[in-house]
1. Could you tell me which of the residues A:118, A:111, A:82 is modelled with pLDDT under 90 and either within 14 Å of another protein chain (Cβ to nearest Cβ) or under 30 Å from residue A:233 (Cα atoms) (or both)?
2. Kindly indicate whether any position in the range B:154-164 is without any contact (Cβ under 8 Å) to a residue 24 or more places away in the chain, part of a helix (DSSP H, G or I) and crowded, with 24+ Cβ neighbours inside 10 Å.
3. Among the residues of the range A:214-230, is any within 16 Å of ligand 4 (Cβ to nearest atom) and part of a helix (DSSP H, G or I)?
4. Just one of A:67, A:96 is in contact with a helix residue (DSSP H, G or I) (Cβ under 9 Å, 6 or more places away or on another chain), within 11 Å of chain B (Cβ to nearest Cβ) and crowded, with 19+ Cβ neighbours inside 10 Å; which is it?
5. Can you name the residue in the range A:280-301 that is at pLDDT below 55 and surrounded by fewer than 19 Cβ atoms within 10 Å (Cβ to Cβ) and is also farthest from residue A:311 (Cα to Cα) among such residues?
6. What are the residues in the range A:236-262 that are out of contact with any helix residue (DSSP H, G or I) (no Cβ under 7 Å at 6 or more places or on another chain), surrounded by fewer than 21 Cβ atoms within 10 Å (Cβ to Cβ) and within 14 Å of chain B (Cβ to nearest Cβ), if any?
7. So in the range A:166-208, with the set limited to residues that are under 22 Å from the mean Cα position of the chain (by Cα) and within 14 Å of residue A:124 (Cα to Cα), which one is surrounded by the most Cβ atoms within 10 Å (Cβ to Cβ)?
8. Condition (residue is more than 14 Å from every other protein chain (Cβ to nearest Cβ), within 20 Å of residue B:178 (Cα to Cα) and either within 17 Å of the chain's Cα centre (by Cα) or not in a loop (DSSP other than H, G, I, E, B) (or both)) applied to the range B:39-47: is it met by at least one residue?
Ligand SMILES: Nc1ncnc2c1ncn2[C@@H]1O[C@H](COP(=O)(O)OP(=O)(O)OP(=O)(O)O)[C@@H](O)[C@H]1O
Ligand SMILES: Nc1ncnc2c1ncn2[C@@H]1O[C@H](COP(=O)(O)OP(=O)(O)OP(=O)(O)O)[C@@H](O)[C@H]1O
Ligand code: SF4
Ligand SMILES: [Mg+2]
Ligand SMILES: [Mg+2]
């Protein structure tokens, strides 16, 4: 089976504003006089060499601490922002080479849909819920017939448990969770091949959450939809995902089948995450509390493990050499000096 | 000040919104209070009126909204009859709110460090010389890595969870007497979540601050709140001290809500979602109990008018004719 999405060594680096080399030769000259340091530009490594695949009909979970690069990564995959380097292949085509500004004209535009992290920010304040959900149906699916459009919109609204009476409302007239559902409906409406969900359930209460998760399972079974599911809620990831990747400061530190990740995590960061799940029985119920501050994503040391300093297992060598990628089983790996093959 | 004097007390509050398709009765007879040094949780499903209650208490109701009855007392101030100038002064001095969508609440064209600095200066807790150092300290307290450099970042340069933490840092810099936190940590990973909640709890204790935590995460409410207020379709249907509510929920909705929480192992089918949805709040003839259409215990007596909260044990109020 060939993968639907293949991501290879993908990077996104931000040159920090105001601190980089100036275009103005005079300023450059003044700076060179004022500091003895070379004209170094601080670079923020938001996504730093990420590789993975998603197969048709597969749901991949993406977890990791706030600020580790999840939204930046999915933004590149949905072609809303451009990569710094690496490749993104979708159904065999290198879509990473298409600049994000012109991607909307590509046929893949319909096949990749994204549900954004902030449901409020991503809604047009002048669009009613109906308009929001109808817009991609009109633009991408070419549905213009009023009756058909209404039927389609009402059907998806019902699927995401969004009451029909809310379709005529504007975003400011909706609660947080209602806005989240409008966003999910909009993305699901065009039946994409790959649906990227960035924290879709965090604004939802448990009851609506269950409805959405069941819908996702159903769409996967009926239409063979694939998911990239970003969530901090590990219970939800466990329920929905076949495989999981764990990110830490821009890099993947562990990847494997969901069940294995949850029952036999191999990376110390994953272990800490899993042990922090309320009422989790895994890892012998020993809560691993992380102490110390996370390192900065700005100019990270290439010759050290990025988790070193917070890692309960860390030793001297972790500060001196980047950890190797260790295959735990054939489809499960961890990037750590102390990871072992099973 | 007296411990038992509530910092915020909301009484019999009803709020309506005009929309193109009718009047939405978003809140009806909502009453709750929070004492000094106390943390209460407001829980309930999406659309139940949690944010509207908080916004009304702060005196920031949407233009289309109208308070039809009730009163709000905030540290002695009659919010519903106070002038806008007064309210503005109070917000940010005595009360801070962490909004549900943090990035949109930040100023997009000012660095986050400066925004925190503005708050610190306004409250006289920093001078021009110390403001940068204090803002950095404040960033550190919400666990923003590399705070010296992040001080100069704009909101768009930060992740969703970081913006959320900036909002929290700003709200806490005010040293408010009352903090209203609307879903403050949703979207944050478990470790960061715990760190932030611990910080809020610690500051609350240190300053004897009253806190209203709005959340749909029952586990978090259980961990941090002294008392919990449960809302459903614009009504407060139950409130009780935390432990009592979890051990002995009396309202059928509260009991359902607890059952609907996922618990690690198990599959999707094990989660009981609560059948039916919220009633259409525009309807002229909403039943006295807005849960009745979804309730298995419903009987004719439930449809009799004038359903009021009943104190079943000290501090435990239930609004149900046939409590469990
Ligand atoms: N436009 C930008 N300029 C500079 N830095 C940026 C920009 N956008 C994001 N970053 C940085 O990239 C890193 C990753 O951010 P990202 O939004 O991807 O995190 P995340 O994993 O989605 O976090 P969260 O869970 O909090 O949403 C952060 O350190 C952030 O500050
Ligand atoms: N300006 C408005 N016009 C009309 N209806 C409104 C307006 N603002 C809120 N509502 C409605 O009032 C009800 C309560 O909304 P509120 O935002 O308080 O919900 P919530 O409990 O905070 O939900 P969530 O958990 O989803 O944020 C909802 O049904 C919402 O649609
Ligand atoms: S390499 Fe060392 S510091 Fe990094 S995760 Fe493994 S044990 Fe911890
Ligand atoms: Mg994000
Ligand atoms: Mg809300």
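The values are calculated or read from the model by the stated rules, or taken from the named source; none is laboratory data. All of these numbers come straight from a predicted model, not from anything done at the bench. As a convention, Cβ positions derive from the backbone with ideal geometry for all residues, glycine included, and neighbour counts pool all protein chains shown.
1. Just a single option satisfies the conditions, and that option is A:118.
2. Scanning the range B:154-164, I find at least one residue that is without any contact (Cβ under 8 Å) to a residue 24 or more places away in the chain, part of a helix (DSSP H, G or I) and crowded, with 24+ Cβ neighbours inside 10 Å, so the answer is yes.
3. no
4. Just one listed residue meets the conditions, A:67.
5. A:281
6. Of everything in the range A:236-262, just one residue is out of contact with any helix residue (DSSP H, G or I) (no Cβ under 7 Å at 6 or more places or on another chain), surrounded by fewer than 21 Cβ atoms within 10 Å (Cβ to Cβ) and within 14 Å of chain B (Cβ to nearest Cβ), namely A:259.
7. Here the answer is A:180.
8. Yes, the range B:39-47 contains a residue that is more than 14 Å from every other protein chain (Cβ to nearest Cβ), within 20 Å of residue B:178 (Cα to Cα) and either within 17 Å of the chain's Cα centre (by Cα) or not in a loop (DSSP other than H, G, I, E, B) (or both).
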